[in-house]
Amino acid sequence: MPATLPTASSRGALVGRARERECLEEALNALPTSGTALLLRGDSGVGKTTLLDYVARKASERFRVHRVSGVETEATLPFAALGELVIPLSDHLRALPEAQRESLEGALALGSRPASVNPYAVCVGALNLLSSAGQQTHRVVLVDDLHWVDPDSEQVFRFLARRVAAERIMFVAASREPLRTAPGIATMEVGGLPENDCLRILEARGLALAPAVFDTLMEMSRGNPLILLETASRLTLAQRCGESALPISPDLGGQAEQGWAGRLRALPASTQQALAVVAAAGDVTLDVLERALKHAGLCLRDLIPAEEARLVLAGNRGYEFVHPILRGVALNGVPVSVRRDAYRGLAEESTGGRRAWYLAAGVVTPDETIARELAEAATEARQRGSYLAAAQAWHRSAELTPHPDLSTTRVLQGATDAFRGGACDDAARWCEAAQQTSEDPRRRADLALLRGRALTWLGRVGQAHRLLTAAADEVAATDTGRAHLLLSEAALPAAMHLDLAGAIRAARRCQEFPPSDAAAAVNGPLFLSLTLALTNDIPEAKSEMRRALAMLADADPLETVMELGLLGQVCNFLEFYDDAARLLHTVLDGARRTTNPAAFAYASGARAELSWWLGQWPAAYADALESAAKARALRQPGTAAFALLALARIDAARGDRAACARHAAEAVEAADFTEIRSMPIMRDAALGLDCLSQGACEEAVAHLDQAFLAFTRLGLGNPNLSPFAADLVEAHVRAGNPLAAKEVLAWLEDAGKRTGLMWPSAAGARCRAVLAEDPEEAAAGFEAALIEHEQHPAVFERARTLLCQGEALRRARRKSRARAPLLAAHRIFTMLGAAPWTQRCLTELAATGHQVPGEAPRAEGLERLSPQELQVARMVADGLNNVEVGAALFISTKTVEIHLTHIYRKLGLRSRTGLARLVTAAGL
Ligand SMILES: Nc1ncnc2c1ncn2[C@@H]1O[C@H](COP(=O)(O)OP(=O)(O)O)[C@@H](O)[C@H]1O
Ligand SMILES: [Mg+2]
């Protein structure tokens, strides 16, 4: 009798899993000093929840445990799972900084008035809430069935998981699906159990099997305990003893479902119907369930047989299936009409978004009334900053909208929210589908604009460009405002694709169409300067840049962060470093105030590049780390890859080969599936610099040559984008190929002349001097190069010229004259932390007979701070308080305090003023 058999429902003590247990316990033991983020991935029934139970039990002895789980439903409700986590902590909400409290309350609909919700304030707020409530004890956050968590909450959980190390939280999630991209979260594959453990589990449930029967079941279930238990419990005594044939279907995965379907069919009809209501309801309170049952002429008592058969459990929040697979089984086991009535009953008893979703689940044909309710739910979700829930509601609403134009409008709304929420793939897909059915040219243009934008951020830049230009052609004759927008939007992906001709064409054509409003007018010069800055037409790039700067001068910086960020990057390319610093500072300063943070990751990356040139490498490193982290949070693969390569370049110059290789590999992984063509060039450049720094010149040539070939083949002309050209000349010379070196040098000098830029002319002069055969000529060449360097702030480059000069003098046996440039180079390399280069100076100095003063001087002051500490120090010096620093860096206030303690200790300081003085003096 199934009803009396022990079943899979009672998740008992954990059997086996020694490896997993050890790993989880280790993480728990480490918790007081470091956090962990872990994903348990495994098929349904393999034992993930059982492992989470184990962690919960172990952890509750010492820590506070928060447990939430995703629930499979048709509805996507705003921040449903986050609410489960945060609402029990709402006592601590008052302690949060105001912006974060408002955003959290808005997101969870807790506050009395509608609040403005900043999605990143929600993330940081949740983090702060956990860590401030953690004053007494550390936190363990367990998320079961992550694959069913609503997408907005999932984003917050991913964010939390990425910050656990800094925040000392243990985060463990269980999912049937792998995480797509989640660096920093380790995955533990949970597979089937070995024979011994399976035997013990069966024994514990009193399910003894004959050896041959056990073997068959083992093979069939592949050690999946749920399949094993459900199959074994269905067998008759004769079957268990191996005396009659086993009723086993060839469908391995369906075994448990089949078992359950059989047990469901054995229940009274009213119980089956009541179970369908439980399944349709998802996650509701007991009284709503009771009333919904009443609509179908049922009551809670009808569930008793299911409870006795251990198919459902009455939990503290209502009824729960013993295993989530049962939900589908229960819904599919009843006729369509019963299912529909269940949804109707639930709708009757619910309000708002929930009601709209139940209504929608109960129909298959378009219905404007229901579509409108869903659209209202979408609007409400949007107001709560739950963009992904809003997007899903719009999308379903559009499907149910009978009128085609209105349906397209709703698709557009949904795609806009998906884009805002970082689900660029949904946005692009929905727009594409709607483009095929919509007949209104203006709507089609709007769909194309959004789709192109989404594809650009996804890194599908070639496709985005083609699509946007085609859409512009379609409306060129009838709608100039839209044509202007489409063409300006088309220039950026083309530039990222390094399709220079296409980018310039789009940027020039855009200016032929009058913009629809004044704000859009800046697009023309902005994108034209951006694309021209990649070529050697630097004079025109500069004049367009100035036009764009003038137009943006009076604009509200909070409304134009994206434009300012892009322009800051252009200023880098064109050597307007002061303007770049000013613009990027404005953008990053706005990070704390605006609710649209899409530009921050990009701007941090651009500022990292600026600081690289200026020789402020600790600052560059900190910005690049921040940029990579934010780009990942914002799901911008291209930006993440750029930032990672900026890190790799600094690692290379500093001689941290392992970090360089790791960052380069992560960049390639991040940019996988994108069409951003500069990525391999920048990667080869970083790897080449790494080899050159180590003196592995042949290897350096191999990498740098590839970068150089790709760069020139694509028609890129701005030599400031190929600082590796000078590295290649040097690598060729040292590898003994002067002829090849001369060829590259000729390109560099020519590009320098054409563009009138300062760096290429200084680097070209150095390379020429290195190649000079006559010592007099070389000496004059170095002097000339150093004069050129005076014009340009890149100290690393200057130090390299000094090193080459010293080497040449030493080789020409002018040892005493060699010392001064070598000592100067040594000083700069030390300041930059460029260890291999410092070492080269020391070797050369030794060869001149100079007594090298002991070891390289130890880093002093700010150099001793970690990148994150430096970032905190800079912001504190800027006058931000701890709360503001935390908000800007996406970390909790408590972590800011810990960083500050370390900073003060390392620097021997006592006050913020002292710190500000130090940072300002260092010119950061
Ligand atoms: N290591 C284990 N020891 C004992 N029972 C287990 C073990 N792993 C799984 N089970 C049993 O198998 C069934 C399914 O496990 P569960 O943790 O719910 O799987 P999942 O969460 O992966 O779908 C439960 O009844 C559970 O008791
Ligand atoms: Mg589970």
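The values are calculated or read from the model by the stated rules, or taken from the named source; none is laboratory data. Just so you know, these numbers come straight off a predicted model, no measurement behind them. Here Cβ is always computed from backbone atoms with ideal geometry, including for glycine, and neighbour counts include all displayed protein chains. What goes into the accessible areas is simple: the full protein's heavy atoms, side chains included, and nothing from ligands, DNA or RNA. Shrake-Rupley method; radii C 1.70, N 1.55, O 1.52, S 1.80 Å.
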Report task. Tell me, please, whether a residue that is acidic (Asp, Glu) and within 25 Å of Gly459 (Cβ to Cβ) can be found in the stretch 517-530. Result -> no
Report task. For the stretch 65-75, state whether one or more residues are more than 14 Å from ligand 1 (Cβ to nearest atom), out of contact with any strand residue (DSSP E or B) (no Cβ under 9 Å at 6 or more places or on another chain) and open to solvent by less than 30 Å² (accessible area, probe 1.4 Å). Result -> yes
Query raised in the report: Which number in (1) part of a loop (DSSP other than H, G, I, E, B); (2) surrounded by fewer than 17 Cβ atoms within 10 Å (Cβ to Cβ) marks the one condition that Glu25 misses?
Result: (1)
Query raised in the report: On the given criteria, is Glu544 assigned to a helix (DSSP H, G or I), of a type in the set (Asp, Glu), under 26 Å from Ala471 (Cα atoms) and open to solvent by less than 20 Å² (accessible area, probe 1.4 Å)?
Result: yes
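How many of the residues making up the stretch 311-339 are within 16 Å of ligand 2 (Cβ to nearest atom) and open to solvent by 50 Å² or more (accessible area, probe 1.4 Å)?
Within the stretch 311-339, residues that are within 16 Å of ligand 2 (Cβ to nearest atom) and open to solvent by 50 Å² or more (accessible area, probe 1.4 Å) number 2.
Can you name the residue in the stretch 11-38 that is touching a strand residue (DSSP E or B) at 6+ places or on another chain (Cβ under 6 Å) and either of a type outside the set (A, V, I, L, M, F, W, C) or modelled with pLDDT of 95 or more (or both) and, of all such residues, is farthest from ligand 1 (Cβ to nearest atom)? Even if it seems obvious, please write down each step before you answer.
Initially, the stretch 11-38 is screened for residues touching a strand residue (DSSP E or B) at 6+ places or on another chain (Cβ under 6 Å), giving 27, 31, 35-38.
This time we only want the ones that are either of a type outside the set (A, V, I, L, M, F, W, C) or modelled with pLDDT of 95 or more (or both), so: 35-36.
Numbers: Gly35: 23, Thr36: 20 Å.
Only one residue fits best here, namely Gly35.
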Query raised in the report: Which residues, taken from the stretch 605-636, are within 18 Å of Phe796 (Cα to Cα), in a loop (DSSP other than H, G, I, E, B) and not polar (S, T, N, Q)?
Result: Gly615
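Can you confirm whether the stretch 358-375 contains a residue that is acidic (Asp, Glu) and within 30 Å of the chain's Cα centre (by Cα)? Step through it out loud before you land on a result.
Just the residues of the stretch 358-375 that are acidic (Asp, Glu), to begin with: 367-368, 373.
Among the residues that remain, those that are also within 30 Å of the chain's Cα centre (by Cα) are: none.
No, the conditions are met nowhere in the stretch 358-375.
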Report task. Search the stretch 78-107 for residues being buried (at least 24 other Cβ atoms within 10 Å of the Cβ) and part of a loop (DSSP other than H, G, I, E, B), and hand back the single one that is modelled with the highest pLDDT. Result -> Phe79
Requested in this report: Being at pLDDT below 85 and in contact with a helix residue (DSSP H, G or I) (Cβ under 7 Å, 6 or more places away or on another chain) narrows it down to one of Ser131, Ser175, Ser153, so name that one.
Outcome: Ser131
Query raised in the report: For the stretch 137-177, what are the residues that are within 16 Å of ligand 2 (Cβ to nearest atom) and either aromatic (Phe, Trp, Tyr) or part of a loop (DSSP other than H, G, I, E, B) (or both)?
Result: Asp145, Trp148, Val149, Arg176, Glu177
Query - helices (runs of 4 or more DSSP H) lying entirely in the stretch 832-924 (those with 1 or more residues that are among the β-branched types (Val, Ile, Thr) and either modelled with pLDDT under 80 or outside the structural domain of Cys804 (by TED's automatic domain parsing) (or both)) - result: 867-877, 882-889, 893-907, 912-921
Requested in this report: Please go through the stretch 25-50 and pick out each residue that is within 26 Å of the chain's Cα centre (by Cα) and within 12 Å of Leu142 (Cα to Cα).
Outcome: Thr36, Ala37, Leu38, Leu39, Leu40, Lys48
Query raised in the report: For the stretch 219-248, which residues satisfy the criterion of being among the basic types (Lys, Arg), open to solvent by 50 Å² or more (accessible area, probe 1.4 Å) and more than 19 Å from Ala309 (Cβ to Cβ)?
Result: Arg222
**Report entry** Enumeration of residues in the stretch 666-685 that are open to solvent by 60 Å² or more (accessible area, probe 1.4 Å) and part of a loop (DSSP other than H, G, I, E, B)
**Finding:** Asp672, Phe673, Arg677
Report summary line: By residue number, the members of the stretch 136-148 that are open to solvent by 10 Å² or more (accessible area, probe 1.4 Å) and either of a type in the set (A, V, I, L, M) or touching a Cys at 6+ places or on another chain (Cβ under 6 Å) (or both) are Leu146
Requested in this report: Would you check which residues across the stretch 28-43 are open to solvent by less than 30 Å² (accessible area, probe 1.4 Å) and either within 13 Å of ligand 2 (Cβ to nearest atom) or of a type in the set (Lys, Arg) (or both) and list them?
Outcome: Leu40, Gly42
Requested in this report: Can you confirm whether the stretch 399-413 contains a residue that is in a helix (DSSP H, G or I), outside the structural domain of Asn118 (by TED's automatic domain parsing), open to solvent by less than 10 Å² (accessible area, probe 1.4 Å) and closer than 22 Å to Ser153 by Cα?
Outcome: no
Query - Given (1) out of contact with any strand residue (DSSP E or B) (no Cβ under 9 Å at 6 or more places or on another chain); (2) within 16 Å of ligand 2 (Cβ to nearest atom), index of the condition Glu189 fails - result: (1)
Query raised in the report: So, of the residues in the stretch 44-62 that are over 28 Å from Arg222 (Cβ atoms) and part of a helix (DSSP H, G or I), which turns out to be least open to solvent (accessible area, probe 1.4 Å)?
Result: Ala59
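Could you list, in sequence order, all residues of the stretch 549-565 that are of a type outside the set (Asp, Glu), surrounded by 13 or more Cβ atoms within 10 Å (Cβ to Cβ) and part of a helix (DSSP H, G or I)?
Once the filter is applied, which keeps residues that are of a type outside the set (Asp, Glu), surrounded by 13 or more Cβ atoms within 10 Å (Cβ to Cβ) and part of a helix (DSSP H, G or I), the stretch 549-565 yields Leu549, Met551, Leu552, Val561, Met562, Leu564, Gly565.
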Report summary line: Log entry, pairs with first residue in the stretch 297-312 being at pLDDT below 95, second being small (Gly, Ala, Ser) and part of a loop (DSSP other than H, G, I, E, B), beta carbons closer than 6 Å, six or more apart or on different chains, reads Arg310/Ser9
Query - Meets criteria (modelled with pLDDT under 95 and away from ligand 1 (no atom under 16 Å from the Cβ)) for Ala204 - result: no
